[in-house]
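Heads up: the structure comes next, in structure tokens.
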Amino acid sequence: MRSAILILSFYLPVFSSAQNQISIDAARAKDTISKHIYGHFAEHLGRCIYGGFYVGEGNKKIPNKGGIRLDVVDALKNLKIPNLRWPGGCFADTYHWMDGVGPKEKRPTIVNTWWGGVTENNSFGTHDFLNMCELIGTEPYISGNVGSGTVKELSDWLQYVNFAGESPMSKLRRSNGRDKPWNVKYWGVGNEAWGCGGNMRAEHYADVYRTYATFMTGWSKEPVFRIASGANSSDYNWTEVLMKNLPAEMVGGLALHHYSVIDWNKKGSATDFSEDLYFTTMERALAMDSLISRHSAIMDKYDPAKRIALVVDEWGGWYDVEPGTNPGFLFQQNTMRDAMIAGTTLNIFHNHADRVRMANLAQAINVLQAVILTDEEKMILTPTYHVMEMYNVHQDALMLPVTIRSEDYVSGNRKLPAVSASASRDSKGLVHISLTNIDAQKSKTVSINTGGLVFTKVTGRILHSGKLQDHNDFTQTQKIKPLPFNEARVEGKNLILELPPFSVVVLELK
Ligand code: AHR
């Protein structure tokens with residue numbers, strides 16, 4: 001018998017017949033929400049690496065260790081980021097790792113042809129990245145250069161990074177100051193092979209993948225997890241061809257990229273947008289659900305045991321750059337709209353935990369839907385950061401299936417389900433339920449049927465603000481931050497709560 005205490009509400013009306021109903025079916029729980037869906041992405045792009053993660057050794061103004069910003073390290077530790085993808089993106093298929101090892105003063109300069117045409121001095125290379133991952137306590141995910149590299153180059157990179165014995169590359173690593181291998185597990189075999197990674201046809205990439213993947217073995221203590229460059233949004237043919245032609249034992253994951261972009265030719269401002277444009281962004285974000293279902297259905301045909309993970313290693317909102325900034329640097333602000341993208345997308349990932357076992361938000365700092373923005377020595381956390389922090393309680397927890405009946409969010413003649421949710425139970429027995437209401441105007445009363453769950457206390461946190469366009473900036477760093485939410489009340493088997501317009505809530509049932 002469940003015992004429950006009443007959590008007092010000061011203003012919440014009680015609606016036992018709420019239109020928004022969520023049922024948790026713990027008896028059907030079987031899949032774990034992999035912590036790796038909380039991964040991030042750090043490309044050599046704009047101010048993500050240089051100025052974001054890395055400010056140079058000997059920087060006296062910004063506290064750092066070996067050039068890595070310590071404020072950023074602390075913020076990412078708090079976020080519990082499980083993995084970090086590097087060095088790209090499109091940059092990865094132009095990157096020659098040998099340029100980034102050895103004495104910094106001897107490293108060649110290169111031109112970042114994809115992102116702003118800027119010259120960089122390679123002062124942030126393999127050691128810097130991998131040591132930084134150790135500092136943050138995250139697993140590195142390295143994207144190999146397939147588009148303009150060679151099989152030998154990628155194989156040598158693995159040997160350099162992972163080989164414990166005596167070999168030419170491990171010798172070089174040691175001469176560069178690192179004795180023990182880093183044992184990097186996650187390796188991407190190219191990026192967007194259908195586009196900036198080489199404009200390949202799926203059939204051609206499948207063959208190229210097989211060759212590269214063959215020579216990525218033999219250097220590591222444990223078998224590496226190889227991730228094939230995957231489809232662009234709804235390119236189902238790409239997934240079909242790869243699943244058909246790649247031997248399952250050669251693939252750990254198959255990628256998928258999907259950005260919530262209004263129109264590639266007219267992306268719109270990150271902060272100055274109408275409700276209509278917000279609605280379109282949310283349409284794009286919610287499309288993730290059907291994209292995953294359809295790509296997964298294709299994968300199921302060839303891999304019914306779900307051995308191969310779907311790795312959504314680029315996702316997030318993409319708008320015009322901030323006025324006055326380099327168009328090639330993709331620097332954008334981050335508002336409550338982005339919080340709504342994050343909250344709904346993570347719920348979608350959770351509910352597809354059987355197949356989606358890794359994902360990477362694009363990108364961590366100063367680029368696209370960033371969790372952190374920096375300006376010289378200043379650093380702020382974005383609404384997206386707060387959602388990812390609130391939600392990280394789901395990492396490696398048992399996903400509890402939910403069924404959702406939601407009212408519509410209506411805008412003009414368009415409509416979307418207003419409420420999204422997901423639930424999990426962690427190793428300590430705590431149940432977490434994350435909920436979003438994307439409706440820009442109306443709050444939603446939600447009734448959650450907790451089924452057979454046993455709990456005596458409900459607490460929560462909420463992310464909300466007065467306007468959709470609200471954001472944190474360097475003068476107002478705390479405008480948006482999570483606040484306690486103790487307004488869920490128990491009514492029989494149900495939890496009743498009211499979600500304000502465009503809000504994100506995470507409940508904890510103890
Ligand atoms: O994240 C920015 C870019 O978007 C990446 O470099 C590329 O993979 C994608 O097209």
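Descriptive notes on the structure:
- Formal net charge of residues neighbouring GLU407 (Cβ-Cβ distance under 11 Å; K, R +1; D, E -1): +2
- Rounded to the nearest 20 debye, dipole of the chain from Cβ charges on Lys, Arg, Asp, Glu: 1160 debye
- Across the range 373-386, coupling constants 3J(HN,Hα) worked out from phi with the 6.51/-1.76/1.60 Karplus curve, θ = phi - 60°, read 10, 10, 9, 6, 7, 8, 9, 10, 9, 8, x, 5, 3, 5 Hz, and Gly and Pro carry x.
- Between the range 466-510 and the range 434-464, the alpha-carbon centres lie 9 Å apart.
- Within the chain, antiparallel bridges make up roughly 60 percent of the DSSP beta bridges whose residues both belong there.
- Eligible lysines near LYS106 by straight Cα distance, threshold 19 Å, same-chain separation 8 or greater: LYS171
- The ranking of SER465, SER503, SER233 from fewest to most other beta carbons within 10 Å of each one's beta carbon is SER233, SER465, SER503.
- Database note for the chain: Cys without another Cys beta carbon under 4.7 angstrom, CYS48, CYS133.
- Extension gain, GLU376 back to ASP473 (0.36 nm per residue minus Cα-Cα distance, nm): 33.6 nm
- Potential lengthening of the chain between THR403 and GLU283 amounts to 41.2 nm, from the contour at 0.36 nm per residue minus the alpha-carbon distance.
- Spin-label pair GLU322/ASN59, simplified geometry with 7 Å Cα→Cβ offset, distance in nm: 1.6 nm
- Within the range 228-252, backbone nitrogen closer than 16 Å to the virtual label 7 Å beyond the Cα of ALA305 toward Cβ: 247-252
- THR150 versus LEU135: modelled label distance in nm, points set 7 Å from Cα along the beta carbon direction: 3.4 nm
- Taking MET282, MET200 and counting other C-beta atoms within 10 Å, the order from fewest to most: MET200, MET282
- Shape parameters for the chain, alpha-carbon atoms, Rg then Dmax in Å: 22.8, 71
- Cα-only Debye scattering, the range 121-280: base-10 log of I(q)/I(0) at q = 0.12, 0.16, 0.19 Å⁻¹: -0.64, -0.95, -1.15
- Here each label is just a point 7 Å from Cα along the line to Cβ, and for SER274 and ASP179 those points are 6.6 nm apart.
- For the pair LEU70 and LYS428, a Förster radius of 25 Å applied to the C-beta separation gives a FRET efficiency near 0.25, rounded to the nearest 0.05.
- Cross-link partners for LYS244 among the lysines, with Cα-Cα distance under 20 Å and sequence neighbours closer than 8 places in the same chain left out: LYS301, LYS306.
- Sites ASP99 and SER23 - FRET efficiency at Förster radius 51 Å, r taken between beta-carbons, to 0.05: 0.40
- Entries in LYS30/LYS77; LYS80/LYS104; LYS415/LYS467 that, when Cα-Cα distance is taken, lie over 25 Å: LYS30/LYS77; LYS80/LYS104
- Protection proxy ranking, highest mean first, for peptides 316-329, 144-157: 144-157, 316-329, where packing is the per-residue count of other beta-carbon atoms within 10 Å, averaged.
- Acute angle (nearest 10 degrees) that the helix 336-351 long axis makes with the longest principal axis of the chain, alpha-carbon atoms: 90 degrees
- Pairs from LYS185/LYS510; LYS428/LYS457; LYS457/LYS481 whose Cα-Cα separation, in the structure shown, is over 26 Å: LYS185/LYS510
Quick note: the coordinates plus some simple rules give every number you see, no bench work behind them. As the structure is a computational prediction, the values presented were derived from the model and not from experiment. Note that we place each Cβ from the backbone using ideal geometry, even for glycine, and neighbour counts take in every protein chain shown.
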